[in-house]
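Before any comments, here is the structure.
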Amino acid sequence: MASTRSGARRTRVHVVSDVHGNARDLARAGDGADALVCLGDLVLFLDYADHARGIFPDLFGKENADRIVELRTARRFEEARAFGARLWAGIGADRATAIEKAVRKQYAELFAAFPTPTYATYGNVDMPTLWPEYARPGTTVLDGQRAEIGGWTFGFVGGGLRTPMRTPYEISDEEYAAKIEAVGEVDVLCTHIPPEVPELVYDTVARRFERGSRALLDAIRRTRPRYALFGHVHQPLVRRMRIGATECVNVGHFAGTGTPWALEW
């Protein structure tokens, strides 16, 4: 904790989300902070800005990555799913093994980059079952749980809601709402996805509305945390918005910016 001129102790926390394979900048993300908070999406399956990066192009090549991004961006999800299924059919029964091997390689590098202490929750593209193998002492994984940092209570809810994209960690609205309820009243509410507000869920580059949570929005209005922090939407119409007493902040697409968002009190 840092000292002020008056001698009072202050706390500084750096927050990142949507890391998507950016281990280089992640290793420096905690510099100057008392703790790092990570709101998920460590894995890079496919980079929409650079189609040559990620698990998908590693397995199937850039041209196929170009095509699936084109279909998804046009919201032609059924065609994208059929196209992807044909590609995966070429791998056959080894699909799960190939994905897990690639994810494990990324997790080994990314978890090694986390400073101590780190408080982390899952994104919708993460594989929670693998996290216990890679989370070292000093990294606390929370989902539907709370932690105290510098005298403030932080609540964490990971994952995303079900979509046509069918990413690895999507859950039902009911299960998500139950985790929000379990967290209860906190000073800082940390989630991977944003509350269901049009300006916060629309991605201006992907040209689509991502799924936000109505239960999260209701909880913000009801429990009035100081801050609601989230990621998931890489290029939102609005990066921050006040909802009642709560400052809602998209902490950024860390893979693209390499810069954490800072919270100090």
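The values are calculated or read from the model by the stated rules, or taken from the named source; none is laboratory data. Just so it is clear, the model here is predicted, and its values are computed rather than measured. Cβ placement follows ideal geometry from the backbone for every residue including glycine, while neighbour counts extend to all protein chains displayed. Surface accessibility is based on the protein's heavy atoms, side chains included, excluding ligands, DNA and RNA. Shrake-Rupley method; radii C 1.70, N 1.55, O 1.52, S 1.80 Å.
For the range 202-265, GluC sites (Glu not before Pro) meeting the loop criterion (DSSP other than H, G, I, E, B) and having at most 15 other Cβ atoms within 10 Å: none. In whole angstrom, the range 127-265 maps to an equivalent ellipsoid with semi-axes of 21, 19, 17, each derived as √(5λ) from the alpha carbon gyration tensor and ordered largest first.
Give, as a single signed number, the net charge of other residues whose beta carbon lies under 11 Å from the beta carbon of R208, with Lys and Arg counted +1 and Asp and Glu -1. Net charge in that neighbourhood comes out at +2.
Taking a sphere under 12 Å around the Cβ of K101 and counting the other residues whose Cβ falls inside, with K and R at +1 and D and E at -1, yields a net charge of 0.
Contact order for the range 15-94, expressed relative to its length and based on alpha carbon pairs under 8 Å spaced 6+ residues apart, stands at 19 percent. For the range 184-217, applying the loop criterion from DSSP together with a ceiling of 16 other beta carbons within 10 Å to the trypsin sites (Lys or Arg not before Pro) yields R207. Of the two radii for the chain, the radius of gyration is 0.97 times the Kirkwood radius, both from the alpha carbons; that is the Rg over Rh value.
Name the aspartates and glutamates eligible as straight-distance cross-link partners of K62: C-alpha to C-alpha under 15 Å, and not fewer than 8 places from it in the same chain. Result set, ordered by chain and number: D47, D50, E70. Simple spin-label estimate for T116 and E174 gives 4.2 nm between the two label positions (7 Å along the Cα-to-Cβ direction from each Cα). Here R166 and W265 are evaluated by their C-beta separation; at R0 = 35 Å the FRET efficiency comes out at 0.35.
In terms of its alpha-carbon gyration tensor, the range 1-93 comes out prolate; a/c meets the 1.5 threshold, and the first ratio a/b outweighs b/c. Shape of the range 48-149 from the C-alpha gyration tensor: prolate (a/c of 1.5 or more and a/b above b/c, with a ≥ b ≥ c the square roots of its eigenvalues).
On the chain, 49 percent of the accessible area sits on carbon and sulfur atoms, based on a 1.4 Å probe. Rounded to the nearest Hz, the phi-derived 3J(HN,Hα) couplings of the range 255-263 under the Karplus curve 6.51 cos²θ - 1.76 cosθ + 1.60 (θ = phi - 60°) are 4, x, 8, x, 10, x, 8, 9, 10, where x marks glycine and proline. Average accessible surface for the chain: 46 Å² per residue, computed with a 1.4 Å probe over protein heavy atoms with every protein chain in place. What's the whole-number percent of alpha carbon pairs in the range 178-245 lying beyond 15 angstrom? Everything past 15 Å amounts to 47 percent.
Here K179 is the anchor, and the aspartates and glutamates within straight C-alpha reach of less than 15 Å, apart from those fewer than 8 places off in the same chain, are D143, E170, D218.
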